[in-house]
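Structure first, then comments.
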């Protein structure tokens with residue numbers, strides 16, 4: 001009886017720690033490297049280091065989570081406890097999958113078909129910054145505020161394809 005209790009405790013520690021480390025490896029770099037936020041040199045260095053080894057850490061977390069699941073499954077006859085541990089391992093795996101996704105690609109997608117209005121309809125603040133392009137008698141202005149999460153606009157100005165970016 002004592003051995004089963006010990007195995008349950010150890011297996012729960014495996015699963016919980018694996019989950020927390022896996023989530024931290026995804027969340028911390030995402031928190032530090034988000035746009036429009038000051039990044040201190042130490043926290044940025046730590047986030048970049050985590051990004052370098054994150055895939056390996058996530059694999060190790062998944063393996064420890066599965067080992068914890070196996071230990072818990074053998075030591076715990078109750079279905080409810082097993083379900084919670086399986087859920088923890090699934091969430092650890094989901095975190096590992098999220099670590100392979102480049103979140104910045106979701107946030108910073110190029111604007112492929114920009115929509116324009118005439119100069120008389122434009123509503124910009126007096127201090128609004130824009131990227132202005134004039135080619136072949138045609139002109140466009142791209143407000144920086146509108147581009148803040150895209151950084152890239154694919155467009156055609158004066159029958160010439162262009163890429164506006166900052």
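Readers should treat all values here as calculations from the given coordinates under stated rules, not as data from a laboratory. Fair warning: this is a prediction, and the values are worked out from it, not measured in the lab. Cβ sites come from the backbone with ideal geometry, for glycine too, and all protein chains shown count toward neighbours.
At a Förster radius of 25 Å, what calculated FRET efficiency corresponds to the Cβ-Cβ distance of residue 127 and residue 94, to the nearest 0.05?
Working: r = 44 Å, r/R0 = 1.75.
Using R0 = 25 Å, I get an efficiency of 0.05.
Its relative contact order, with pairs defined as Cα atoms under 8 Å and 6+ residues apart, puts the chain at 21 percent. Both radii are taken from the alpha-carbon atoms of the chain; with Rh as the Kirkwood radius, Rg/Rh is 1.25.
Compared with the dominant Cα axis of the chain, that is its longest principal axis, helix 2-32 is turned about 10°.
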